[in-house]
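To start, the structure under review is shown below, and the notes come after it.
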Amino acid sequence: MSVNKTTLQDNVKVAPSEVPSVMNAILFYGPSDIRYEQIPVPKISENEILVKVDTVLTGGTDLKTFKRGHPVLIKSIPSTFGHQFSGIVTVVGKNVKNFSFGQKIVAMNSAPCYECHFCKKSRFSLCENIEFLNGAYAEYIAIPERIIQHNTYLIPENTSLETASILESLAVVIHGYERSEITKDKTVCIIGTGSIGLLFVALAKLNGVKVISVGRTPFKLNIAKEIGADFALNIKDFLNEEELIKNIKSLTDGYGPEVVIEAVGLPETWGLATRIVSRGGLVNFFGGCKKGTNLNLDTFKLHYDELKLIGVFHHTPEYVQKALNLLSSGSFEKGIRNIISKSFPLKELERAFILQESGEVIQAAIKP
Ligand SMILES: [Zn+2]
């Protein structure tokens with residue numbers, strides 16, 4: 001199990017008197033096999049902190065992990081998992097200077113090394129030694145040293161623990177948004193209405209940009225409208241792709257949107273994105289596809305229409321800070337209330353995944 005760490009009690013600054021020795025957690029045993037069990041509370045080293053988890057959000061990555069495991073995040077079975085959370089600092093390692101007992105914090109699921117080939121070029125999302133954190137579907141989680149140093153944040157007074165738990169998704173979306181060369185005079189088409197797609201809608205509308213949201217679940221498309229999408233189109237309402245593209249072009253003076261963001265992660269919708277985009281436009285392949293999949297491109301269109309195709313992955317500390325500023329400004333609250341649409345106790349995580357899969361829940365707030 002990835003939860004075992006040994007240390008001495010005198011390595012910690014705050015005596016862990018209130019911290020029990022065992023806790024409830026969800027363990028991943030295999031595809032579609034997760035179990036609510038009692039496991040030891042992680043012991044922390046002198047460079048770590050222990051956080052009592054307040055809210056952990058379900059998301060696309062966790063749902064995929066639940067269904068088929070994860071090649072990077074699940075190293076051995078059974079394993080704890082879950083990575084998008086907020087909580088309260090409960091125990092502090094004696095060498096930790098920047099956090100103290102009782103603080104409300106949100107920690108990212110990774111931190112770059114700042115030393116590798118890509119980190120030296122400030123391409124932190126490409127870090128070759130990125131350290132991941134997993135295991136938030138539990139009452140307590142230990143935060144490793146590097147993440148404490150570079151990617152753990154105090155939650156501002158005016159921001160709730162639940163709102164702050166969405167920080168990582170928002171950081172990823174701001175990263176994708178800023179790389180997409182979006183300006184007010186452009187139309188953005190966002191394919192996908194999961195939490196990431198909807199956060200893109202919210203961010204574009206906050207910036208006063210015209211948005212076309214494309215999805216296939218009426219409930220989620222309604223939320224896209226609620227958040228402010230100018231148009232919300234259901235792929236299923238069109239006879240074929242050609243009809244859908246014709247409709248999208250008719251909403252953009254016949255040209256097509258200048259920016260298309262694919263937030264699904266399927267080769268089919270990647271291809272669709274390249275056919276929707278305007279001449280001279282940009283496609284952001286934001287949704288990661290399964291390893292080994294390929295995409296057919298119309299080379300004529302790519303060249304003569306001068307398309308720009310980019311991939312954007314993950315977040316960096318810079319975008320996390322921007323996301324935190326945006327959250328604490330309060331201007332995102334309505335969008336977040338629509339996206340974190342339901343709460344569940346920890347033991348009902350599986351039910352939350354099932355509802356997320358069926359499209360009835362976008363992101364669930366799990367309360368350990
Ligand atoms: Zn690195």
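With charges set only on the Cβ (+1 for Lys and Arg, -1 for Asp and Glu), what does the dipole of region 19-172 come to about its Cα centre, in debye to the nearest 20?
320 debye
For region 91-116 and region 305-357, compute the distance between their C-alpha centroids and round to whole Å.
Region 91-116 and region 305-357 have Cα centres spaced 21 Å from each other.
When you count, for each residue, the other Cβ atoms within 10 Å and take the mean per peptide, how do 118-125, 297-304 rank with the highest first?
118-125, 297-304
For LYS334, which lysines qualify as cross-link partners when the Cα separation must be under 26 Å and same-chain residues fewer than eight apart are set aside?
LYS104, LYS184, LYS186, LYS205, LYS210, LYS220, LYS225, LYS322, LYS342, LYS367
Mind grabbing the accessible area of LYS220 for me, 1.4 Å probe, Å², rounded to tens?
About 30 Å², ignoring ligands and nucleic acids.
Given a Förster radius of 30 Å and the C-beta distance between GLN149 and GLU18 as r, what FRET efficiency does 1/(1 + (r/R0)^6) yield to the nearest 0.05?
Here the calculated transfer efficiency is 0.70.
How would you classify region 180-311 from its alpha-carbon gyration tensor, with a ≥ b ≥ c the square roots of the eigenvalues: rounded for a/c under 1.5, else prolate if a/b is greater than b/c, otherwise oblate?
rounded
Given the peptides 314-322, 103-111, 230-238, arrange them by the average over their residues of other C-beta atoms within 10 Å, most packed first.
103-111, 314-322, 230-238
Leaving out ligands, DNA and RNA but keeping every protein chain, what accessible area does GLU139 have, in Å² rounded to the nearest 10, with a 1.4 Å probe?
Spelled out: GLU139, probe radius 1.4 Å, area about 40 Å².
Place a label point 7 angstrom from the Cα of SER122 along the Cα-to-Cβ direction, then list the residues of region 153-196 whose backbone nitrogen is under 20 Å away.
Only 171-182 pass the distance filter.
Using R₀ = 30 Å, calculate the FRET efficiency as 1/(1 + (r/R₀)^6) where r is the Cβ-Cβ separation of ASN294 and ARG68; round to 0.05.
FRET efficiency, ASN294 to ARG68: 0.90.
Determine the principal axes of the Cα atoms in region 22-172, then give the extent along each, sorted from largest to smallest and rounded to whole angstroms.
38, 36, 30
Using only the alpha carbons of the chain, determine the length spanned along each of the three principal axes and report them from longest to shortest in whole angstroms.
Principal axes ranked by extent give 69, 43, 41 Å for the Cα atoms.
For labels at LYS342 and THR183 in the simple 7 Å Cα→Cβ model, what's the distance in nm?
Taking the simple label geometry, LYS342 and THR183 are separated by 4.4 nm.
The values are calculated or read from the model by the stated rules, or taken from the named source; none is laboratory data. Quick caveat: nothing in here was measured; it's all calculated off a predicted structure. Reconstructed Cβ throughout: ideal geometry from the backbone, glycine too, with neighbour counts over all protein chains shown. What goes into the accessible areas is simple: the full protein's heavy atoms, side chains included, and nothing from ligands, DNA or RNA. Shrake-Rupley method; radii C 1.70, N 1.55, O 1.52, S 1.80 Å.
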